[in-house]
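Asks: This is the structure, below, for whatever I ask next.
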Amino acid sequence: MTTTHRQESHTAAPLGSGSSGPTGSARRAGGRPRLSEKKRDGIAGYLFLTPWLIGFFVLTLGPMLISLYLAFTKYNLFTAPEFIGLDNFTRMFNDPQFMQSVQITLTYVLVGTPIKLAAALGVAMLLNYRSRGTGFFRSAFYAPSLIGASVSVAIVWRAMFNSDGPVDTGLNVLGIDVGGWVGNPALVMPMMILLAVWQFGAPMVIFLAGLKQIPGELYEAADVDGAGSWRKFRSVTLPMLSPVIFFNLLLEMIGAFQIFASAFIISSGTGGPAGSTNFYTVYLYQRAFGDLQMGYASAMAWLLLVVVGIAAFVLFRTSKFWVHYGGDLK
Amino acid sequence: MTATQTELAPVLPVEAAKHTRKPVWKKRSTWGTVIWAAVLIVIVAVVLYPLLWMVLASFKPSAEINGNVSLLPEQPTIQNYVKVLQGIGGIPVVTFFLNSLILAVGSVIGVVISSSMAAYAFARVRFAGSKLFFGMMIATLLLPFHVLIIPQYIIFQRLGLIDTFVPLLVVKFLATEAFFVFLMVQFIRNLPMELDEAARIDGAGHPRVFFSITLPLIKPALVTSSIFAFIWSWNDFLGPLLYLNSPSNYTLPLALRLYNDQSSVSDYGATIAISVLALIPIALFFFIFQRFLVEGVATQGLKG
């Protein structure tokens, strides 16, 4: 980190001093007794950080602690919170709707994210096939990522996958009749995953930038060794790309856990049909703001925090076995 | 408030590696190029199909939207848009646009001011606790928002601020979106230190260095942050859903929900039409700034 003001630079006075303004260097040289540099830095640092500090303590850390406390209480927003120990947590595991929301969310994260990343990597490699004329494609593929989480897209998705919508009609033409996807609990998950995969553009752009950084010499060397395309992909592309894969995996999984607007809109806020869009966040919202079970919902939020924290920790810990930071190749 | 991670943006708006050098291992045949282009065009067609369908469907009569395989409307009509302009529940649609616009512009102002200040402190000022706070800022990047929504709601409810824009804006003015702070920190750290040092030797204090040197130099980061702050606020659904109760305060996503949930089959077209209208500002941003957005995203994975 080269972030700190280095003392020795005082000897380098003339550099850029032309832009100094009325408070010239003479005042400093006069040695007026002022606060020490360190103290002034300290004051300035905290002044600049004031908005963030207030935000952090009042809107992040404080609320986290309140939420932790509420997780052990029964609270409906109007009467005082009543301490009930671990009841919220034990109740979760006997709550079929909760278990269903966990199962749905995990399916979505563990199936949807790899498919989305595979699509992103595949298209990125296609684009990387040539170095020119790919700008249009890159932008076109990126567009859905900007709007994918919006209500507009959720509405369109629902309309497209409705019975007699374009997807259903198109499949009918092909002789496949599955009916509407929206009303069919078994097809809602594929529909949601398709919506996620549709937004492969953001990770694709990151993959593409990573692919461009792989030195061509590595492929030349592989060619010399007689490696085929698959072997080059396995032994050059994947290891060289592993830091970017790791980054995308972390980001996309955390993002997938938080899916809300699309599921909420597609099910009109109900989590239906038959609870098939009852994602974790949707269920938490319903419990907290529909039924005013603030304590139970807080317990759910903290459970999620702990699980995501453990998952991120494990991912970081195992990363050293499969993420290759090519220090020896640079 | 609930920035979706998928549309994550730049950490360094530096140009992504431009390769003028054509790698030798990439000599390809003409046929290869044709097939390559054909495959890409097919993928583009699939990816853009929903957007195209949406725009064209908004010009179809409601009855035609379902059950018509053809993309093009058989009887093109602007009736859906006329219906949208009549508003919903006695509230003109302009109100929803204005509310969304006020929040989005307010978010941009809040994010730019508060995040650039925090970023300057982290990147350029040495003070006790800066490393600790920086670490905490990074930790909040990965924090699921679920643990915050309930207590934040309780706080704002106690303060009597429900059904106002305050809860949605105050979080932006207090730099709670660590993503923007981090982006700017990374950018400032890449600026040459000598400029700051020269100014400080000449007697400029931190505020002066911040306003005269840092802010002008991080303009690209400020632009990128502004674009994303605008788009995220414009798309935000959960925040307004929690805090805005009366329809006259609704933002577009909430209004869309009204259409979506209440509309009978005959209003189907109007629902699609207002969905299209809601995406227009984002489309404009995209067409004007697409290089900025895509290049920005491209660098984040590598330098972040």
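The values are calculated or read from the model by the stated rules, or taken from the named source; none is laboratory data. The model shown is predicted, which means the values in this text are computed figures rather than measured ones. Here the Cβ positions follow ideal geometry from the backbone for every residue, glycine too, while neighbour counts run over all protein chains shown.
Asks: Does residue A:220 satisfy being within 8 Å of chain B (Cβ to nearest Cβ), free of Cβ contacts under 8 Å to residues at least 24 places away in the same chain and either among the acidic types (Asp, Glu) or farther than 30 Å from residue B:240 by Cβ (or both)?
Replies: yes
Asks: Let me ask something additional. Which members of region B:200-211 meet the condition of being at pLDDT below 90 and crowded, with 16+ Cβ neighbours inside 10 Å?
Replies: Listed by number, the residues that qualify are B:200, B:201, B:202, B:203, B:204.
Asks: Considering each of B:154, B:150, B:102 in turn, give the residue that is within 12 Å of chain A (Cβ to nearest Cβ), of a type in the set (A, V, I, L, M, F, W, C), in a helix (DSSP H, G or I) and surrounded by fewer than 20 Cβ atoms within 10 Å (Cβ to Cβ).
Replies: B:154
Asks: Applying the selection to region A:57-76, what residues are within 18 Å of residue A:283 (Cα to Cα) and within 11 Å of another protein chain (Cβ to nearest Cβ)?
Replies: Result: A:67, A:70, A:71, A:75.
Asks: Looking at residue A:202, is it facing another protein chain (nearest Cβ under 7 Å) and touching a helix residue (DSSP H, G or I) at 6+ places or on another chain (Cβ under 6 Å)?
Replies: Spelling it out, residue A:202 is indeed facing another protein chain (nearest Cβ under 7 Å) and touching a helix residue (DSSP H, G or I) at 6+ places or on another chain (Cβ under 6 Å).
Asks: Still on this structure: Out of A:315, A:284, A:292, report the one residue that is touching a His at 6+ places or on another chain (Cβ under 7 Å) and not small (Gly, Ala, Ser).
Replies: That would be A:284, the only listed residue that is touching a His at 6+ places or on another chain (Cβ under 7 Å) and not small (Gly, Ala, Ser).
Asks: How about region A:93-188: which helices (runs of 4 or more DSSP H) wholly inside it have at least 1 residues that are over 30 Å from residue B:233 (Cβ atoms), out of contact with any Cys (no Cβ under 7 Å at 6 or more places or on another chain) and within 11 Å of another protein chain (Cβ to nearest Cβ)?
Replies: Fully inside region A:93-188 and qualifying: A:113-128, A:166-173.
Asks: Go through B:273, B:221 for me and flag whichever is assigned to a helix (DSSP H, G or I) and either touching a Pro at 6+ places or on another chain (Cβ under 7 Å) or at pLDDT below 85 (or both).
Replies: Residue meeting the stated conditions: B:221.
Asks: Right, something else. Within region A:193-221, track down each residue that is under 17 Å from the mean Cα position of the chain (by Cα) and assigned to a helix (DSSP H, G or I).
Replies: A:193, A:195, A:196, A:197, A:198, A:201, A:202, A:203, A:204, A:205, A:206, A:207
Asks: Here is a further query. Return yes or no: is residue A:232 under 23 Å from residue B:295 (Cβ atoms) and among the charged types (D, E, K, R)?
Replies: In short, no.
Asks: Can you tell me which residue among B:224, B:164, B:214, B:176 is facing chain A (nearest Cβ under 7 Å) and either of a type in the set (Ser, Thr, Tyr) or surrounded by fewer than 22 Cβ atoms within 10 Å (Cβ to Cβ) (or both)?
Replies: The match here is B:176.
Asks: Assuming residue B:65 fulfils every condition listed in (1) under 30 Å from residue A:295 (Cβ atoms); (2) surrounded by 18 or more Cβ atoms within 10 Å (Cβ to Cβ) apart from one, which condition is it?
Replies: For residue B:65, the exception is condition (1).
Asks: Say whether the condition of being within 25 Å of residue B:144 (Cβ to Cβ) and touching a helix residue (DSSP H, G or I) at 6+ places or on another chain (Cβ under 9 Å) is met by at least one residue in region A:129-138.
Replies: Checked against the condition, which is being within 25 Å of residue B:144 (Cβ to Cβ) and touching a helix residue (DSSP H, G or I) at 6+ places or on another chain (Cβ under 9 Å), region A:129-138 yields no hits at all.
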